[in-house]
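Trainee: Supplied in structure tokens, the structure appears directly below.
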Amino acid sequence: MTDRIQIEEINRIAREAGRAVLDVYGTEFDVDLKDDKSPLTEADRRSNAVIVGELERLFPGIPIISEET
């Protein structure tokens, strides 16, 4: 675990996830429905992959709860 938040890294992850979302804008993409009938887009998937992947790299062993996974 970690006893200190690395705010610069968290900021970097958020910006990278935002870029992943923006990469989807202006393109055609499918929208799936989750079990609760809420939408799940390609932008959701891509940003989630960035966030979860980077958090796992920075903080191995810490459980991650995500709306998308």
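The values are calculated or read from the model by the stated rules, or taken from the named source; none is laboratory data. As the structure is a prediction and not an experimental result, all values here were calculated from the model. Cβ atoms come from the backbone with ideal geometry, glycine included; neighbour counts cover every protein chain shown. Accessible surface areas use protein heavy atoms only, side chains included; no ligands, DNA or RNA. Shrake-Rupley method; radii C 1.70, N 1.55, O 1.52, S 1.80 Å.
Trainee: Tally up the residues in the range 33-50 that are of a type in the set (S, T, N, Q) and assigned to a strand (DSSP E or B), please.
Mentor: Matching residues across the range 33-50 total 1.
Trainee: State whether the residues of the range 13-32 include one that is at pLDDT below 95, within 20 Å of ILE64 (Cα to Cα), out of contact with any Gly (no Cβ under 8 Å at 6 or more places or on another chain) and not in a strand (DSSP E or B).
Mentor: No - not one qualifying residue is present in the range 13-32.
Trainee: State which residue pairs qualify: first residue touching a residue at least 24 places away in the same chain (Cβ under 8 Å) and closer than 18 Å to LEU58 by Cβ and inside the range 6-27, second residue among the charged types (D, E, K, R) and open to solvent by 80 Å² or more (accessible area, probe 1.4 Å) in any location, beta carbons under 7 Å apart, and separation of 6 or more residues or different chains.
Mentor: ALA20/ARG46
Trainee: Taking the range 30-69 only, how many residues are over 16 Å from GLN6 (Cβ atoms) and either in contact with a Pro (Cβ under 7 Å, 6 or more places away or on another chain) or open to solvent by 50 Å² or more (accessible area, probe 1.4 Å) (or both)?
Mentor: 17
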